1. When all protein chains stay in place, what accessible area (Å², nearest 10, 1.4 Å probe) is found for ARG450?
2. With all protein chains present and a 1.4 Å probe, how do TRP275, TRP457 order by accessible area, largest first?
3. Starting at the first residue of the range 398-406, write each ³J(HN,Hα) from the Karplus equation 6.51 cos²θ - 1.76 cosθ + 1.60 with θ = phi - 60°, in whole Hz, x for Gly and Pro.
4. Residues in the range 225-244, backbone N under 12 Å from the label point at ARG165 (7 Å along the Cα-to-beta-carbon vector): list them, ranges by number please.
5. With every protein chain present, what accessible area does LYS184 have (1.4 Å probe, heavy atoms only), rounded to the nearest 10 Å²?
6. So which of LYS184/LYS398; LYS327/LYS398; LYS327/LYS459; LYS223/LYS327 end up more than 28 Å apart by C-alpha?
7. Report ASP297's accessible area, 1.4 Å probe, all protein chains in place, as a number in Å² to the nearest 10.
8. Using each residue's phi in the range 139-146, evaluate 6.51 cos²θ - 1.76 cosθ + 1.60 at θ = phi - 60° and report the 3J(HN,Hα) Karplus result to the nearest Hz, with x for Gly and Pro.
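The values are calculated or read from the model by the stated rules, or taken from the named source; none is laboratory data. Values in this document were obtained by computation on a predicted structure and should not be read as measured data. Neighbour counts run over all protein chains shown; Cβ positions are idealised from the backbone, glycine included. The accessibility values were calculated without ligands, DNA or RNA, using every heavy atom of the protein model including side chains. Shrake-Rupley method; radii C 1.70, N 1.55, O 1.52, S 1.80 Å.
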Amino acid sequence: MSLLFWSKLFVVSEWVIRLVMLPVIVIRKEKPATALAWLAIIFLEPWIGLALYLLLGEIRLGRRRLALRRRRRGEFVSSEYPEITAQEASGEPVSASEAMLVQLSQQLGSFPVVRGNAIQFFLDADRAIEQLVADIDQAQDHVHLLFYIYGDDWVGRQVGEAMIRAKQRGVICRLLADAIGSRKFFRRLARWLQAEGIEVYPALPATLWRLPFARLDIRNHRKLAVIDGRVAYTGSQNIIEPTYGHRRGGPWHDIMARLTGPVVWQLQTVFLEDWFHETGQLLESSGLFPPLQPTGDVMIQVVPTGPDLPTEQFQDLVGRTLFMAQKQIVITCPYFVPDEAMLVALRIAAQGGVRVLLVVPRRTDHPLVDAAGMFYLEYLHRFGAEVYFYQPGLLHSKTLTIDDRLAMFGSANYDIRSFELNFELNLLLHSAEAVQELYRLQESYRVQSRPATAEDWPKPASLRGMKVHFAKLLSPLL
């Protein structure tokens, strides 16, 4: 057959893809911006667009896995699991203006506000690991770790050695690590830990045969440690040394929190759910939920999110939180690609006299996300938001404070991926003292940052400006 025939056939096939995918995308994508982004790719490069859509276009967790997760906690835990209810320990009450926020959070994650907690923040990664190792060395019953990245480096080995010492004392140690984020770990270090008696499993295994059934880029992005059901750690830090190969952004700077009090029961439940979903093991032991007494006055609400839950609820939660601001909003995050609702809330706040501060790294390990984020940062800057570029490295802390009374921190970025795709874990703080402490940490980031100037924003006609605006069109898919 002639070259002309194959050329015509290729052109016809491209139009077949365009015409077939047009109704598929329009019907299946509820958000117009997302639908238009996919249509733009399909109509520009039909074959490439089709391949990308088959890989990334649908939020496919796998039919069996999704059905299991949607049964949620109340349908599969045994009677040995305690009912987690709002604690009535001493402390300030939740204000009337926060009541709707509390209700939204509870609908999303099933967890109420609990009082009587203590929280300690760590900005220094080494100090956080040292304290985690010290708590593992004091463990008497169990050690539970769940991390997106568990590195095969000196940090991973240090924590691993602590678990081995605990195992030798008769402590049960369980480790759940994301299959993609921790892929190097599973090649060698995981086998060593398993040989020493540590129970190690991959979260969301990624193999080629799963491609027709599940998206491989849906990941478990949570960071969580629970020791003896009495102490917990969560935040944005992984179990890996901060300079782990990402030369583009520099060393990573995170926030980790050590928690005690009744909130540990909620965080334990998050681990047990994920462990059950990955292993099929329903863990039952009296040591999982020991009696807990108040250890402080901090009110905390655990907010787990993921593609097994309605994504709009977490977006509503963020939007509602932003609209509560009367004086100031401060956000630190590495990847800033907000959805339309968050963008509108921040713009209205800035225009309405609320001081909006956005502290972000100048560069990250994702150039396309950087370009899209630059568009949104410049847009908000035009409406009065203050933008700061963090200088010492890649600012990886994901924090939000509203005035001096409400805060959120955890593993979720302020981008579409965290809103819709990944399994994330955030905490809402309702106590002024803890909020103010988190704000002081945000300020420590800001003073190490430089304010954005006109030179930071690319000219529309420049090559960099074209990159930013092209990335803007893809932002609903990032």
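1. Near enough 80 Å² of accessible area.
2. Values: TRP275 0, TRP457 30 Å².
Largest to smallest exposure gives the sequence TRP457, TRP275.
3. Calculated HN-Hα couplings, in order: 10, 9, 9, 10, 10, 6, 10, 9, 8 Hz.
4. Of the residues in the range 225-244, none has backbone N under 12 Å from the label point off ARG165.
5. 130
6. Values: LYS184/LYS398 25 Å; LYS327/LYS398 20 Å; LYS327/LYS459 32 Å; LYS223/LYS327 31 Å.
Beyond 28 Å between Cα atoms: LYS327/LYS459; LYS223/LYS327.
7. Answer for ASP297: close to 90 Å² accessible.
8. 5, 10, 10, 7, 10, 10, 10, 9
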